[in-house]
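Taken together, the values in this text are just the output of simple stated rules run on the coordinates, not laboratory data. Because the structure is predicted, anything quoted here is derived from the model rather than measured. For neighbour counting, all protein chains shown are included, and Cβ atoms are generated from backbone atoms with ideal geometry for every residue, glycine included.
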Amino acid sequence: MSTDDIATLPDHRLLSLLDESRMIIVCGPGGVGKTTTAAALGVLAATHFAKRVLVLTVDPARRLATALGLVALGNAEVPVHLDRARGTLTMAMIDTKSSWDDMVRRHAPDERTRDRVLENELYRTLTSRFVHSHDYVVTERLFEAREGGGYDLVVVDTPPSRSALSVLDAPRRMEQFFSSRLLKLLTAPTQSRLLSLASRPFFVVADRILGAAFLSDIAEFFTLFRTMEGPIVARSRRVGSLLAEESTKYAVVTSPEPVAMREAKFLVDELRRRNHRLAAVVANRLVPVRLGDGALKRAVGLEASLADPVGQLAPPERRRLEVLVACEREIAAISAQHGSAVQRIADWGALVVTGEDRGGDITDTASLLALGESLRTRVTTERQE
Amino acid sequence: MLTRRLVFVTGKGGVGKSAVAAALASVAAADGKRVLVCEMDDKGSLAAYLGREELQFVPTEISPNLFAMAMNTEDSLREYIRLFLRVPIIGSLTPLAKIFDFVANAAPAVKEILAVGKLCYEVRERHYDIVIVDAEASGHFVAQVSAPDALASLVRIGIVADQTKWMSDLLHDPHVSTVLAVVTPEEMPVVETLELRERLAKATPIDFAGVVINRMPAVIDDAGVADPTSVDSAPRSSEQSAISMSMSVCAWLAERRANAERYATQLADSFELSNVETLAEASPTEHAPSAITAHLSREVRRVLDGRE
């Protein structure tokens, strides 16, 4: 398959999108090739522009990590070697636990608080098990990547489906958290807490459900955590405005499967509702155009040869033609389904980028580049507001 | 599989958990069982596969014997308070739920316990013969299903502490509860499934029934087709390029099948062979969600008949 890629030139609209962005946030349902697409965009940008590119990923496929020449992709930022690249590429994975620890180390007002937080049982459980804890960490890493001055373009691969939205909402939630009445209640001395009228319905239920001892554990943890309020809130605000910047673009990746598309459409709507700049929808894992185009016509031609009474077909030859017809019919049906899916995606009004199903093709950075260069934009009509 | 009373269907995002759960539920209901199928995340894909716009916390009867619901922790909390705490609830729970939501996020396993607790409750009360759960994706699933164990170690007193025991008992009983992992024959889903089994075994002693490979591409009979020398025998040379294109198509489909087989083999090698079942990919014309459910129901039936 890869022999066809030699002549491929990258899509110029996609290149200008990469050129004018400082951050690209890639969202999408699970299983559509989101991480691979993010990595391919990173390789494409670093190859064609003299930019320092960082790809932040949540959970890279092992083979993808190997393809990028990465042995162990921990929390550290790892440079990726690219042949004949104008820029540089760095890859990093976000490990929730160690990112939280780093954050506490950075923001704790003193060593004693730092150690008490790090050793707190609830903190440990929270950071290793609590699903949303990941979102805050991504926020922190985005801040580092953008404000550290080390990168010109940051491509962010988000967790699947709507978890991506909770990452985007994390800065705002963090701010609300610190200003919430609940936090004030929880961290108030027990005496005044019991006296507070507003807390009563909550504590009646909470005490009965969880037991008072657990509640005081929670209170202790939050009291410690509050000491880091200043720097964490300041950062959350900054990331919140980074996410809304002109140069921050969003891309939604989807496959042509109806259920994946439904989820992708939800993400598109939610991004728009948040006024984020949706730069493109990537319709990924499509049957290659060169195979799908004219498949039906070829099937009909082959069927004509089969029906030809003049040329006496030898049984093996007949069998061979029958197999080819079946394959062409199959590819024509898949291709038709994918074609109508792409058409529906075009109706969402964003720039559509098509990506082909490349099977087990990603083996090295060259194949990632080939993948990036095979992405094609499609002109669509402007969205009707 | 369908003799258990609580079946969790999990797997990486995008592998078709909801479709397989919908198919299993349909088959069980067709066998005369009273079935509850429950979607745990709020994506609404289970609803789509059951041909509905959306599902509620209160089960809807989809077809005779087949009931479907969507988990909602606020509703579950409301029911829990009503059933177990006997605290009267007047009007809206919203202010309380807001606070609760907050603490639930902060206090690990509380949200999970309300979700799993509701399922266990339905099993314990025997409202249904079988509860099939369209569970969270592998990562979140482990936290969810091991929530009673985790909470038991964090909260030693209070009502929750008493409540976790019976839930754990139900979940740990291999005659009652089991986990089924759905996987597609691709790299990441396979890797994640292998990791899931390990992580699950570490977190909780729940039974692991096995793996279902979903969307297995059809076998391509490419004997002799991919051999380039055979092009010479094409009747007219003008057709040669078309024939060679057709051969590329055939080779592409064959490679897709070969890749899938490679991952299927890797799975079979890693699990005991009898615990891996394969469901064929739906034909391209059967891409609507309800058509996929119908196709998978036939596939599930074929597999179950084969096992007898």
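Can you give me the long-range amide H partners of B:F208? Hydrogens built in the peptide plane at 1.01 Å from N, cutoff under 5 Å, separation of 5 or more residues or another chain.
B:V179
Please give the average number of partner chain Cβ atoms lying within 10 Å of the Cβ of each residue in A:321-330, rounded to a whole number. Please report the intermediate quantities before stating the final value.
Numbers: counts 4, 2, 11, 9, 1, 5, 13, 6, 2, 8.
Mean partner-chain Cβ count within 10 Å for A:321-330: 6.
Taking 30 Å as R0, compute the FRET efficiency from the Cβ-Cβ separation of B:A268 and B:T3 and round it to 0.05. Don't skip to the end; give the middle numbers.
Numbers: r = 24 Å, r/R0 = 0.79.
My answer for the efficiency is 0.80.
Would you work out the relative contact order for the stretch B:136-219, in percent, from Cα pairs under 8 angstrom that are 6 or more residues apart?
Relative contact order, the stretch B:136-219: 34 percent.
How far is it, in nm, from the label point at B:R82 to the one at A:L118 when both lie 7 Å from their Cα along the line to the Cβ?
4.9 nm
For A:V253, list long-range residues whose amide hydrogen, built 1.01 Å from N in the peptide plane, is under 5 Å from its own amide hydrogen.
Residues meeting the criterion, in which the H sits 1.01 Å from N, are A:C27, A:G28, A:V282.
Assuming R0 = 30 Å, what is the FRET efficiency of B:T60 and B:D305, from their Cβ-Cβ distance, to the nearest 0.05?
Working: r = 29 Å, r/R0 = 0.98.
Given R0 = 30 Å and the Cβ-Cβ separation, E is 0.55.
Checking the a/c ratio against 1.5 first, then a/b against b/c, what shape does the Cα gyration tensor give for the stretch B:37-81? Before the final figure, lay out the partial values.
Details: a/c = 2.93, a/b = 1.54, b/c = 1.91.
Oblate, since a/c reaches 1.5 and b/c is not below a/b.
Can you tell me how the stretch A:74-168 classifies by the Cα gyration tensor, rounded, prolate or oblate, using a/c under 1.5 as the rounded cut? Working shown, then result.
Working: a/c = 2.47, a/b = 1.65, b/c = 1.49.
The shape class here is prolate.
I need the phi-derived Karplus couplings for the stretch A:221-233: 6.51 cos²θ - 1.76 cosθ + 1.60, θ = phi - 60°, integer Hz, Gly and Pro marked x.
4, 5, 4, 5, 5, 4, 5, 9, 3, x, x, 5, 5
Quickly work out the A:A234-to-A:R277 label distance, labels modelled 7 Å from Cα along the C-beta direction, and quote it in nm with one decimal.
2.7 nm
Give the calculated FRET efficiency between B:N275 and A:R262 to the nearest 0.05, with a Förster radius of 41 Å applied to their Cβ-Cβ distance. Display every interim value, and only then the final one.
On the way: r = 32 Å, r/R0 = 0.77.
Efficiency for this residue pair is about 0.85.
Per residue of the stretch B:41-58, in order, report the coupling 6.51 cos²θ - 1.76 cosθ + 1.60 (Karplus, θ = phi - 60°) as ³J(HN,Hα) in whole Hz, putting x for Gly and Pro.
Each residue of the stretch B:41-58 in turn: 8, 9, 6, x, 6, 4, 4, 4, 6, 9, x, 10, 5, 8, 10, 10, 5, 6 Hz.
Ranking request for peptides B:34-40, B:62-68, A:228-234: highest mean number of other beta-carbon atoms within 10 Å first, then the rest in descending order. Don't jump to the answer; show the numbers that get you there.
Working: B:34-40: 24.1, B:62-68: 18.9, A:228-234: 16.1.
Listed from highest to lowest mean packing, they are B:34-40, B:62-68, A:228-234.
Report, as an integer, the average count of C-beta atoms from other chains found within 10 Å of each Cβ along B:10-17. Write out the running numbers ahead of the final one.
On the way: counts 0, 2, 4, 12, 14, 2, 3, 1.
Mean inter-chain Cβ contacts per residue within 10 Å come to 5.
What's the average, rounded to a whole number, of partner chain beta-carbon atoms within 10 Å of each residue's beta-carbon in B:278-284? Mind dumping the intermediate values first?
Values: counts 0, 0, 0, 0, 0, 4, 11.
The per-residue average across the peptide is 2.
Beta carbons within 10 angstrom, averaged per residue: use that to sort the peptides B:21-28, A:140-147, B:139-146, A:339-346, highest first. Don't skip to the end; give the middle numbers.
Numbers: B:21-28: 27.8, A:140-147: 20.2, B:139-146: 22.1, A:339-346: 16.8.
Answer by packing, highest mean first, reads B:21-28, B:139-146, A:140-147, A:339-346.
With just the Cα atoms defining each centre, how far is the stretch A:345-359 from the stretch B:177-226? Give it in Å.
A separation of 28 Å, based on Cα centres.
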